[in-house]
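The values are calculated or read from the model by the stated rules, or taken from the named source; none is laboratory data. Values in this document were obtained by computation on a predicted structure and should not be read as measured data. Cβ atoms come from the backbone with ideal geometry, glycine included; neighbour counts cover every protein chain shown. Surface accessibility is based on the protein's heavy atoms, side chains included, excluding ligands, DNA and RNA. Shrake-Rupley method; radii C 1.70, N 1.55, O 1.52, S 1.80 Å.
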Amino acid sequence: MKPPISRMGGKSKLKKIIMEKTPKDHLCYVEPFFGAGWIYFEKEESKVEVINDKDRELINLFRMIKEHPGEVERLLNFEFISRDKFTQYKSIDVEGLTEIQRAVRFLYIISNSFASKGVSFGYTAIGKPCQKIYDVQNELMLLRDRLKNTIVENKDAIEIIKKYDRPTTFYFCDPPYLGTSGYGAEAKFTLEDHIRLRDTLSNISGKFLLTINDCEEIRKLYKDFHIQEVMVHYSVSRQQAARKEYGELMITNYEN
């Protein structure tokens, strides 16, 4: 099953190897940095599953798909693709919207923005616009069924890691990459945040697999763990020079 949205840094290109490295003996599966949820929607259901993200609008979308998929689909039927509508949705005060309207707004912005960043209006002269919204409309009930037994959280990732830690817990951690701003200023993950994450993961009872950009600072932080290098091709940039393979690290506290 595919996730209903795309996000920069999503793990669609690494999902096969991540599945192979996921411990089979875990009972509780936790994603402290959920994003689009490529791994969650790819994997088989665990006995207990927890998805968390600090982005309130992102988590609201998944909560509304879980609780009110029919009404989300009904409102999506009235949407049309327009730069003006995109700008209007970007500038609107979400506090004046219902949770369902906020979910539709968020889905519209992500689906109609360049590289799914939610920043600038995306357009094309060679493909069907906003295909993602049409696909989601047909899959909302399937997504609802996948989410129905999942705990949905909207808290700091460190708090979630500590809250659900048990020897039978497995964490898939995909934090914002070091040196990148993520989605807006409030999503920025600093070196201090990465140190705090490393310190927390160093003291858990469960197992973790962390994916992160390959850089000297990260290698130093996780020098006492198992590190595997992988290359991933990214092609979302309008700049041809930026469309190339980038090094990423897969870090675990267990051998695989």
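Candidates are the residues of region 79-88 that are open to solvent by 30 Å² or more (accessible area, probe 1.4 Å) and in contact with a helix residue (DSSP H, G or I) (Cβ under 9 Å, 6 or more places away or on another chain); the one that is farthest from residue 140 (Cα to Cα) is 85.
Residues are listed down the side, and each one gets a yes or a no for (1) surrounded by fewer than 17 Cβ atoms within 10 Å (Cβ to Cβ); (2) under 26 Å from residue 25 (Cα atoms); (3) modelled with pLDDT of 95 or more; (4) under 20 Å from the mean Cα position of the chain (by Cα):
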| site | (1), (2), (3), (4) |
| --- | --- |
| 152 | no, yes, yes, yes |
| 189 | no, no, no, yes |
| 194 | no, no, yes, yes |
| 199 | yes, yes, yes, no |
| 238 | yes, no, no, no |
| 246 | yes, no, no, yes |
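The residues of region 202-216 that are under 16 Å from residue 23 (Cα atoms) and either surrounded by fewer than 17 Cβ atoms within 10 Å (Cβ to Cβ) or more than 17 Å from the chain's Cα centre (by Cα) (or both), listed by number, are 204, 205, 206, 207. Against the list (1) modelled with pLDDT under 90; (2) under 19 Å from the mean Cα position of the chain (by Cα), the condition residue 105 fails is (1).
Cβ-Cβ distances below 8 Å connect the following pairs, each with a first residue in region 217-232 that is open to solvent by less than 60 Å² (accessible area, probe 1.4 Å), a second residue that is part of a loop (DSSP other than H, G, I, E, B), and a separation of six or more residues or different chains: 218/178; 225/253; 230/14; 232/13; 232/14.
Taking every residue in region 165-187 that is closer than 16 Å to residue 213 by Cβ and at pLDDT 55 or above and pairing it with any residue that is among the aromatic types (Phe, Trp, Tyr) and outside any loop (DSSP other than H, G, I, E, B), at least 6 positions away or on another chain, the pairs with Cβ-Cβ distances below 8 Å are 173/208.
Does residue 148 qualify as being out of contact with any His (no Cβ under 8 Å at 6 or more places or on another chain), at pLDDT 95 or above and either open to solvent by 10 Å² or more (accessible area, probe 1.4 Å) or closer than 29 Å to residue 256 by Cα (or both)? When the stated conditions are applied, residue 148 does not pass them. Residues that are open to solvent by 20 Å² or more (accessible area, probe 1.4 Å) and at pLDDT 95 or above within region 26-42 comprise 26, 27, 33, listed in sequence order.
Quick one: would you say residue 54 is within 30 Å of residue 165 (Cβ to Cβ), within 16 Å of the chain's Cα centre (by Cα) and buried (at least 21 other Cβ atoms within 10 Å of the Cβ)?
Yes; evaluated as a whole, the condition is true for this residue.
Selection of first residues in region 19-37 that are under 9 Å from residue 49 (Cα atoms) and of second residues that are open to solvent by 10 Å² or more (accessible area, probe 1.4 Å) and hydroxyl-bearing (Ser, Thr, Tyr), restricted to Cβ pairs under 7 Å at least 6 apart or on distinct chains, gives the following pairs, ordered by first then second residue: 27/46; 27/168; 28/46; 28/164; 28/168; 29/46; 30/164. Can you name the condition, by its number, that residue 49 falls short on among (1) open to solvent by less than 10 Å² (accessible area, probe 1.4 Å); (2) without any contact (Cβ under 8 Å) to a residue 12 or more places away in the chain? Going through (1) open to solvent by less than 10 Å² (accessible area, probe 1.4 Å); (2) without any contact (Cβ under 8 Å) to a residue 12 or more places away in the chain one by one, residue 49 breaks only (2).
Per the conditions (1) modelled with pLDDT under 95; (2) not in a loop (DSSP other than H, G, I, E, B), the sole criterion not satisfied by residue 64 is (1). One residue stands out among those in region 89-110 that are within 16 Å of residue 68 (Cβ to Cβ) and of a type in the set (Val, Ile, Thr): the one that is surrounded by the fewest Cβ atoms within 10 Å (Cβ to Cβ), which is 98. Here residue 76 fulfils each of the conditions (1) open to solvent by 70 Å² or more (accessible area, probe 1.4 Å); (2) touching a residue at least 24 places away in the same chain (Cβ under 8 Å); (3) more than 13 Å from the chain's Cα centre (by Cα) apart from (1).
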